[in-house]
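The values are calculated or read from the model by the stated rules, or taken from the named source; none is laboratory data. Worth saying up front: this structure is predicted, and the values here are computed from it rather than measured. Note that each Cβ is placed from the backbone with ideal geometry, even for glycine, and that neighbours are counted across all protein chains shown.
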Amino acid sequence: MSVFERVYKGVTITIVQGDITKLEADAIVNAANSRLIMGGGVAGAILRAGGKEIQEEASRKAPVPIGRAVATTAGKLQAKHVVHAPTMELPAMPTNKQKVRLATKGALECAKQLGIRSIAFPGMGTGVGGLSVKEAAEVIIAEIKNHIESGTPLKKIVLVGFDSFLVEAFKDEVEQIL
């Protein structure tokens, strides 16, 4: 269920509240660590819902530096791919706005290389990373804007807030930036 929707230069930006693992999209983004160890938060939810084959494939592609991203199978999820975009070097480390910006850019570049048409982002860095929802939303939306303006095959970007605070932060930033 869409909470908010805006079309920006031909790309539909949709904000929803809910569970990213239940979305139908070409890809969902995992706010990962560089070792691609899927323990808690969004990564743990993706692993539980999608199956161990996601972790097995991710482990073969690790390590991944912040600013790059890799895609794996989505296992039992409705998505086709999981795009693993590190926001921290090691599991459960604090992150910052620059790392989240680089992770978002890496995820969008990975999606572009794969020709993905729809992708869903969680609140990157807002869990164990310790970033406020406002800070995370600000850098995620700014990087999405940069990506769209540079040309993209994406037609739909879904921003998923697990709670109403993140949904409102995404909505506020979309209204200000796009």
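Some notes on this structure:
- Selected residue (only one of 123, 67 is modelled with pLDDT of 95 or more, surrounded by fewer than 22 Cβ atoms within 10 Å (Cβ to Cβ), within 24 Å of residue 149 (Cβ to Cβ) and touching a Gly at 6+ places or on another chain (Cβ under 7 Å)): 67
- On the stretch given as segment 146-159, residues that are modelled with pLDDT of 95 or more and crowded, with 17+ Cβ neighbours inside 10 Å total 7.
- Search result, residues across segment 75-86 that are hydrophobic (A, V, I, L, M, F, W, C) and over 14 Å from the mean Cα position of the chain (by Cα): 77
- Being in contact with a Pro (Cβ under 7 Å, 6 or more places away or on another chain), in a loop (DSSP other than H, G, I, E, B), touching a residue at least 24 places away in the same chain (Cβ under 8 Å) and more than 17 Å from residue 139 (Cβ to Cβ) is a property that does not hold for residue 75.
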